[in-house]
Amino acid sequence: MRTPVVAGNWKMNGTQASVQALVEAIRTGADAQWKSAIVLCSPFPYLQLVADMLVSSRMALGAQNVSEFGAGAYTGEVSASMLQDCGVQYVIVGHSERRALFAETDAQVADKFATAIAGGLTPILCVGETLSEREQGKTLSVVETQLAAVIERVGVESFAKAILAYEPVWAIGTGLTATPEQAQEVHGALREMIASRSSDIASGVRILYGGSVKAANAGSLFACPDIDGGLIGGASLDATEFLAICQAAG
Ligand code: 13P
């Protein structure tokens with residue numbers, strides 16, 4: 001059985017005060033009986049604050065980006081070892097906002113994934129198609145290309161220590177959610193792509209769905225056989241909504 005994961009991606013939102021209030025509310029409301037892993041992916045400046053608040057809680061800390069480089073003259077970048085030093089366990093790589101707005105390529109995403117693994121972090125690798133790619137029937141080939149770039153760089157075995165997230169670009173922040181059938185089709189295909197290289201790795205890897213997940217639609221998505229939790233954007237900034245999503249994951 002795969003343990004579900006619910007990860008909140010706060011994106012570039014919050015203040016010290018709002019982050020403190022949000023984490024406090026989530027920590028208080030999280031039920032010790034839930035078996036899913038809960039990850040809070042904070043902006044860099046608040047990582048230490050959240051790390052301190054999560055000590056002896058059931059939740060883990062994540063970052064939203066990592067440099068593909070090690071220490072050195074890379075002004076403005078943050079390395080995997082710095083993240084680990086601040087108590088970070090997970091890091092999102094290849095989010096569509098980074099691919100689209102910051103021109104991250106498949107090769108760069110693969111390097112970031114490799115650096116995260118080498119630095120002892122668990123990467124959450126995001127893949128997903130745009131609306132026009134979906135309309136052209138290219139969804140599966142797009143996600144396969146994105147996934148294959150990473151598998152070719154690090155080997156399929158690395159996915160024993162990683163999480164995959166399917167985030168259709170057209171569903172992110174739009175209020176449009178993939179139907180459970182649409183999401184399951186892609187999740188099943190992603191698992192098959194991994195299974196064609198290693199059935200053991202495929203049966204163990206968690207594949208999260210992201211894109212306008214709310215308390216109201218989480219249950220039907222998480223009930224799909226190949227959906228192992230969610231990567232939550234907007235709804236992760238509201239403690240009540242986020243906790244209800246965690247509850248839906250069980
Ligand atoms: P929304 O939940 O706001 O659509 O964002 C999803 C996302 O991008 C999570 O990484």
Distance in Å, no decimals, from the C-alpha centre of the stretch 11-27 to the one of the stretch 143-176 is 27 Å
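Per residue, how much accessible area does the chain have with a 1.4 Å probe, in Å²? Display every interim value, and only then the final one.
Values: 10660 Å² over 250 residues.
With all protein chains present, the chain gives 43 Å² per residue.
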Expected sort for 130-138, 60-68 on mean C-beta neighbours within 10 Å, highest first, is 60-68, 130-138
So, over other residues within a Cβ distance under 15 Å of I117, counting Lys, Arg +1 and Asp, Glu -1, the net charge is -1
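Once neighbouring chains are kept in place and the probe is 1.4 Å, which whole percent of the accessible area of the stretch 5-249 is contributed by carbon and sulfur?
Working: 5430 of 10280 Å².
For the stretch 5-249, the apolar C and S fraction of the accessible surface comes to 53 percent.
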Hydrodynamic calc, the chain: Kirkwood Rh from Cα pairs, then Stokes-Einstein at 37 °C with viscosity 0.692 mPa s, so D in µm² s⁻¹ is 183 µm²/s
Any trypsin sites (Lys or Arg not before Pro) in the stretch 2-38 that lie in a DSSP loop and have at most 16 other Cβ atoms within 10 Å would be R2, K35
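Among K11/K214; K11/K112; K112/K214; K35/K112, which pairs are too far apart, with a Cα-Cα distance over 26 Å? Spell out each step's value before the answer.
Working: K11/K214 16 Å; K11/K112 18 Å; K112/K214 29 Å; K35/K112 29 Å.
Flagged as over cut-off: K112/K214; K35/K112.
So, counting K/R as plus one and D/E as minus one, what does the shell of residues with Cβ under 15 Å around A215 add up to? Don't jump to the answer; show the numbers that get you there.
On the way: positive: K214; negative: D31, D238, E241.
Overall, the nearby charge balance is -2.
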Scalar couplings 3J(HN,Hα) for the stretch 178-183 by Karplus 6.51 cos²θ - 1.76 cosθ + 1.60 (θ = phi - 60°), nearest whole Hz, x for Gly and Pro, are 4, 5, x, 5, 5, 5
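The values are calculated or read from the model by the stated rules, or taken from the named source; none is laboratory data. A quick note: this is a predicted structure, and the numbers were derived from the prediction, not measured. Quick reminder, even Gly has a Cβ in these numbers, built from the backbone with ideal geometry, and neighbours come from all protein chains shown. Ligands, DNA and RNA are excluded from the accessible area calculation, which covers all protein heavy atoms including side chains. Shrake-Rupley method; radii C 1.70, N 1.55, O 1.52, S 1.80 Å.
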